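Student: Structure in structure tokens, see below.
The values are calculated or read from the model by the stated rules, or taken from the named source; none is laboratory data. Just so we're clear, the structure is a prediction, and the values are computed from it rather than from any experiment. Don't worry about glycine lacking a Cβ; one is built from the backbone with ideal geometry, like all the others, and counts go over all protein chains shown.
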Amino acid sequence: MSRVPRFLWLPAALAWLLVAVPIVGLVVRVDLSNFFSLVTSEAALSALWLSLKTGLATMVLCLLFGGPLAVVLARSQLPGLPFIRSVVLLPLVLPPVVGGLTLLFLLGRTGPIGGPLYDNFGITIPFSTTAVVLAQTFVAMPFLVVSLEGSLRTAGERYEAVAATLGASPLTTLRRVTIPVVLPGLVSGSVLAFARALGEFGATITFAGSLQGTTRTLPLLIYLQSQDDIDGAVAMSLVLVVIAIVVILVTRTRDVR
């Protein structure tokens with residue numbers, strides 16, 4: 001028997017419809033007769049491959065750097081942790097285009113880091129595939145950090161304390177105790193970071209531009225096609241929606257288990 005108060009069902013249904021109905025509208029608008037040719041065009045396949053490739057690279061970077069950051073936030077007693085955490089969460093509330101501008105000003109040819117890189121080594125980061133990965137990492141990192149930090153806090157420190165009393169070093173405890181305990185949260189955060197990277201638009205187009213085969217990811221292609229090829233834009237949008245639904249289902253299934 002449901003314990004949900006009856007008066008909540010109507011607003012809950014309306015909230016669900018607010019999200020679901022536009023997706024249904026997108027499906028209805030798809031040109032099924034040309035769908036396959038639209039999603040297998042050279043531009044579409046190039047953008048899809050680039051999105052998958054950069055999304056995976058972004059996920060790896062989030063794991064390598066966001067994972068340790070989540071452990072520090074959840075387990076350390078550093079002063080100023082609330083401030084550090086608020087900075088980590090900034091990309092969740094900032095418009096992505098602002099993130100793209102900050103990266104451009106930092107890593108561009110006149111930036112404090114990009115300038116010396118270009119002057120001394122001839123390295124240019126903006127408007128390259130590397131720029132796509134950095135832009136996606138900027139916006140996706142908080143998803144992994146928040147998910148993993150939440151898992152760490154939920155798990156508590158009792159198992160780690162037992163391991164310490166048995167003589168395990170901090171590294172051994174992390175490898176043999178902490179990571180296995182929070183593995184579902186780590187996987188969920190990684191998948192969410194990958195999904196966010198796939199859908200990134202604002203920071204990417206600002207910092208990396210839109211060069212086919214180099215920086216034009218699937219969201220950028222959809223935006224460009226919406227100007228003069230609406231059928232192609234709708235078809236590629238549906239592909240992105242399907243990928244996102246699969247990613248969310250996988251993540252939520254793991255969370256429920």
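Student: Among the residues of region 121-150 satisfying the criterion of being among the hydroxyl-bearing types (Ser, Thr, Tyr) and crowded, with 21+ Cβ neighbours inside 10 Å, which is nearest to Leu52 (Cα to Cα)? Working first, answer last.
Tutor: Narrowing region 121-150 to residues among the hydroxyl-bearing types (Ser, Thr, Tyr): 124, 128-130, 137, 147.
Now narrow it down to the ones that are crowded, with 21+ Cβ neighbours inside 10 Å: 137, 147.
On the way: Thr137: 14, Ser147: 22 Å.
Per the stated criteria, the residue is Thr137.
Student: Is it true that Thr102 is among the polar types (S, T, N, Q), farther than 20 Å from Met236 by Cβ and modelled with pLDDT of 90 or more?
Tutor: yes
Student: Additional query: Given Ala208, Ala197, Ala193, Ala235, which one is buried (at least 22 other Cβ atoms within 10 Å of the Cβ), touching a Cys at 6+ places or on another chain (Cβ under 8 Å), at negative phi and not charged (D, E, K, R)?
Tutor: On inspection, the qualifying residue turns out to be Ala193.
Student: Do we have Leu249 as at pLDDT 90 or above, of a type outside the set (Phe, Trp, Tyr) and more than 15 Å from Ala131 (Cα to Cα) here?
Tutor: Criteria not met by Leu249.
Student: Then there is this: Could you check region 142-167 and list, in sequence order, the residues that are more than 30 Å from the chain's Cα centre (by Cα) and of a type in the set (Gly, Ala, Ser)?
Tutor: Within region 142-167, Ala161, Ala163, Ala164, Gly167 qualify.
Student: With the checklist (1) modelled with pLDDT of 90 or more; (2) touching a helix residue (DSSP H, G or I) at 6+ places or on another chain (Cβ under 6 Å) in hand, flag the one item Phe83 doesn't pass.
Tutor: In the conditions (1) modelled with pLDDT of 90 or more; (2) touching a helix residue (DSSP H, G or I) at 6+ places or on another chain (Cβ under 6 Å), Phe83 misses (2) alone.
Student: Does region 49-105 hold any residues that are part of a loop (DSSP other than H, G, I, E, B) and at negative phi, and which are they?
Tutor: Within region 49-105, Ser76, Gln77, Leu78, Pro79, Leu94, Pro95 meet the criteria.
Student: Here's another thing I want to ask about it. For region 34-53, indicate whether the set of residues that are of a type in the set (A, V, I, L, M), touching a residue at least 40 places away in the same chain (Cβ under 8 Å), closer than 27 Å to Leu171 by Cβ and surrounded by 15 or more Cβ atoms within 10 Å (Cβ to Cβ) is non-empty.
Tutor: Checked region 34-53: no residue is of a type in the set (A, V, I, L, M), touching a residue at least 40 places away in the same chain (Cβ under 8 Å), closer than 27 Å to Leu171 by Cβ and surrounded by 15 or more Cβ atoms within 10 Å (Cβ to Cβ).
Student: Can you tell me how many residues in region 154-200 are outside any helix (DSSP H, G or I) and modelled with pLDDT under 85?
Tutor: Qualifying residue count for the region: 6.
Student: Related question: Taking the options Thr110, Thr215, Thr102, name whichever one is out of contact with any Asp or Glu (no Cβ under 7 Å at 6 or more places or on another chain), polar (S, T, N, Q), surrounded by 15 or more Cβ atoms within 10 Å (Cβ to Cβ) and farther than 22 Å from Leu64 by Cβ. If you could, list the steps in order and put the result at the bottom.
Tutor: Working: Thr110 fails: surrounded by 15 or more Cβ atoms within 10 Å (Cβ to Cβ); Thr102 fails: farther than 22 Å from Leu64 by Cβ.
Exactly one of Thr110, Thr215, Thr102 is out of contact with any Asp or Glu (no Cβ under 7 Å at 6 or more places or on another chain), polar (S, T, N, Q), surrounded by 15 or more Cβ atoms within 10 Å (Cβ to Cβ) and farther than 22 Å from Leu64 by Cβ, namely Thr215.
Student: Does Gly67 satisfy the condition of being in contact with a Phe, Trp or Tyr (Cβ under 9 Å, 6 or more places away or on another chain) and in contact (Cβ under 8 Å) with a residue 60 or more places away in the chain?
Tutor: When the stated conditions are applied, Gly67 does not pass them.
Student: Can you give me the number of residues within region 201-229 that are touching a residue at least 12 places away in the same chain (Cβ under 8 Å), part of a helix (DSSP H, G or I) and hydroxyl-bearing (Ser, Thr, Tyr)?
Tutor: Result for region 201-229: 3.
Student: Determine whether Phe201 is touching a Pro at 6+ places or on another chain (Cβ under 6 Å) and within 30 Å of Ser128 (Cα to Cα). Before you say what the answer is, go through the steps one by one.
Tutor: Details: touching a Pro at 6+ places or on another chain (Cβ under 6 Å): yes; within 30 Å of Ser128 (Cα to Cα): yes.
Yes; evaluated as a whole, the condition is true for this residue.
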